[in-house]
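K.L.:
Dumping the structure here so I can ask a few things about it.
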Amino acid sequence: MHFVRVETFHDWRAEARRLLAADVPPKDVRWSSDDGQRGLFDDCSEPSGPPKQTVFSVPKQFLELAADVACHREDRRWPLLYRTLWRLTHGEENLLKIAIDDDVHELLQMQKAVSRDMHKMKAFVRFRKVDADVGEHFVAWHRPDHRIVRSVAPFFARRFKAMNWSILTPGESVHWDQTKLEFGPGVPASEAPDGDALEELWLTYYASIFNPARIKIAMMKSEMPVRHWPTLPETKIIPDLLEQAPDRVHTMIASTEGFDRTAAHYMPDDLSLQSLAKAADCCKACDLHLDATQTVFGKGPRDANIVLVGEQPGDREDVEGEPFVGPAGQLLDEALASTGVSRSDTYITNVVKHFKFTERGKQRLHKKPGSREIFACRPWLEAELTLIQPKVLVCLGATAAQAILGRDFRITRQRGEILRSDWCSA
């Protein structure tokens, strides 16, 4: 057994060439990246006999793959790389084209993890200015998942070539003096500076570019993993920005679209369900009226104790001009009957009063209304609820629930919950 200790890709490449030239198979090599104890029967000697003068070549793709995988933190990368190299030079020249091969698949997964970690380091390093005897110096602390500092450092040298900076990580640190890169040992997070005068400016800028209308919290945490948040100053204000997002969305739409682009412009002076329905027939607050057959307003008694709110009319509702008369309406009737509630005693309406669809041949397929359309149509729903003042308000679906309860409502978590609302009198 040959015991081989390597630290970098260049170390591995030199050792792999030596072993390959000596025709040492993968099963006879034990690779390591540390100074741990060798096994009782490990042989640390050089391969016996002079190396063969064998000429071998591998695809350029493998060298690029190996350079990336060498940055992975798992020790198994070294034997995996050598085993793949052995197979490439022993009759499996097209091995890398077989993505479902176990070795190739594992190498590609490792490369993907390293590439992602490099991207995160480029995106999440935040420099802070510190006082230094030689002038301005900027320091950042980052915690990468893999050994990527030497691979990513040239990127920062190019991008911040006119700065003196240091990037500290637990495993290794790098320093740039506007001339050359120097690498040193890792340091703990406690060695990093806490903040500087520029941080408040950065937070103001970040808050100004934060788009509340495009919030996807799960995706944000995927792209900005929570483990990196302690070193990102902007994460201090993210909770407040998320809390303010619904109001900011309404403000943004109102300020850009204006009062004339909402249903409020079409409100009658004498409010009644009949006058509202008649006024809604003339509503052009959004573009949905251009393709829909007609406005589908709410229907039911003025003194209804229960109001059911859906998302928007469907194909049958658009044709007949009444809410919930298609397949969804049939299901609703069955549900009401099972609870002993008469449909004639309820008021049924939708958040959006026109049918939004996409054409597929002769079919008109439902298309979810956007925030612009929901905002434009909201005054109709608010007027209906103000007049009726129901004791119970049932939201049929996520769009209706978010329109009534706010964008934070998640039907996967809160389905069936009973909540209090200002739109209910009870």
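K.L.:
If you take the residues of the range 251-287 that are more than 17 Å from residue 386 (Cβ to Cβ) and crowded, with 18+ Cβ neighbours inside 10 Å, which of them is modelled with the highest pLDDT?
P.N.:
Per the criteria, the residue is 283.
K.L.:
Further question: Select from the range 89-108 the residues that are surrounded by fewer than 12 Cβ atoms within 10 Å (Cβ to Cβ) and within 27 Å of the chain's Cα centre (by Cα) and list them in ascending order.
P.N.:
99
K.L.:
Would you mention how many residues in the range 298-348 are over 25 Å from residue 363 (Cβ atoms) and in a loop (DSSP other than H, G, I, E, B)?
P.N.:
10
K.L.:
Give just the number: which of (1) free of Cβ contacts under 8 Å to residues at least 12 places away in the same chain; (2) in a loop (DSSP other than H, G, I, E, B) does residue 64 not satisfy?
P.N.:
If we test residue 64 against (1) free of Cβ contacts under 8 Å to residues at least 12 places away in the same chain; (2) in a loop (DSSP other than H, G, I, E, B), just (2) comes out false.
Matching residues to (1) within 21 Å of residue 382 (Cβ to Cβ); (2) of a type in the set (Ser, Thr, Tyr); (3) surrounded by 13 or more Cβ atoms within 10 Å (Cβ to Cβ):
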{"position": "332", "(1), (2), (3)": "no, no, yes"}
{"position": "339", "(1), (2), (3)": "no, yes, no"}
{"position": "354", "(1), (2), (3)": "yes, no, yes"}
{"position": "364", "(1), (2), (3)": "no, no, yes"}
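Yes or no, residue by residue, for (1) hydroxyl-bearing (Ser, Thr, Tyr); (2) at pLDDT 90 or above:
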| site | (1), (2) |
| --- | --- |
| 111 | no, yes |
| 149 | no, yes |
| 156 | no, yes |
| 169 | yes, yes |
| 190 | yes, no |
| 197 | no, no |
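K.L.:
With the requirement that a residue be more than 21 Å from residue 345 (Cβ to Cβ) and of a type in the set (Val, Ile, Thr), what does the range 380-422 give you?
P.N.:
Selection gives 399, 411, 412.
K.L.:
May I pose another question? Quick one: is residue 322 at pLDDT 90 or above, of a type outside the set (Phe, Trp, Tyr) and farther than 21 Å from residue 389 by Cβ?
P.N.:
Answer is yes for this residue.
K.L.:
When the range 370-397 is examined, which residues are found to be among the small types (Gly, Ala, Ser) and without any contact (Cβ under 8 Å) to a residue 60 or more places away in the chain?
P.N.:
The answer is 370, and nothing else.
K.L.:
Please find, within the range 124-156, the residue that is nearest to residue 74 (Cα to Cα) out of those that are small (Gly, Ala, Ser) and surrounded by fewer than 18 Cβ atoms within 10 Å (Cβ to Cβ).
P.N.:
132
K.L.:
Another one. Considering only residues of the range 9-51 that are at pLDDT 85 or above and in contact with a strand residue (DSSP E or B) (Cβ under 7 Å, 6 or more places away or on another chain), which is surrounded by the fewest Cβ atoms within 10 Å (Cβ to Cβ)?
P.N.:
28
K.L.:
Separate question: Taking the range 377-423 only, how many residues are open to solvent by 60 Å² or more (accessible area, probe 1.4 Å), over 21 Å from residue 262 (Cβ atoms) and not β-branched (Val, Ile, Thr)?
P.N.:
Residues meeting the conditions: 10.
K.L.:
Can you name the number of the only condition in (1) open to solvent by 70 Å² or more (accessible area, probe 1.4 Å); (2) modelled with pLDDT under 90; (3) assigned to a helix (DSSP H, G or I) that residue 372 fails?
P.N.:
Of the numbered conditions (1) open to solvent by 70 Å² or more (accessible area, probe 1.4 Å); (2) modelled with pLDDT under 90; (3) assigned to a helix (DSSP H, G or I), the odd one out for residue 372 is (1).
K.L.:
Next question. Find all pairs meeting these conditions: Cβ atoms under 9 angstrom apart; at least six residues apart or on different chains; first residue within the range 408-420 and part of a helix (DSSP H, G or I); second residue surrounded by 13 or more Cβ atoms within 10 Å (Cβ to Cβ).
P.N.:
411/395; 411/397; 411/398; 411/401; 411/402; 412/398; 414/401; 414/405
K.L.:
Could you grab me the full set of residues in the range 293-315 that are surrounded by fewer than 23 Cβ atoms within 10 Å (Cβ to Cβ) and in contact with a His (Cβ under 7 Å, 6 or more places away or on another chain)?
P.N.:
295
K.L.:
Need pairs with beta-carbon distance below 8 Å; first residue without any contact (Cβ under 8 Å) to a residue 12 or more places away in the chain and within the range 217-242, second outside any loop (DSSP other than H, G, I, E, B) and β-branched (Val, Ile, Thr); sequence gap 6+ or separate chains.
P.N.:
Short answer, once both residue conditions are applied: 229/235.
K.L.:
Condition test on residue 322, is it surrounded by fewer than 18 Cβ atoms within 10 Å (Cβ to Cβ) and either among the basic types (Lys, Arg) or touching a residue at least 24 places away in the same chain (Cβ under 8 Å) (or both)?
P.N.:
yes
The values are calculated or read from the model by the stated rules, or taken from the named source; none is laboratory data. Only a predicted model underlies this, so the values are computations on that prediction, with no experimental measurement involved. Note: ideal-geometry Cβ built from the backbone for every residue, glycine included; neighbour counts use all protein chains shown. Remember, those area values only see protein heavy atoms, side chains included, never the ligands or the DNA or RNA. Shrake-Rupley method; radii C 1.70, N 1.55, O 1.52, S 1.80 Å.
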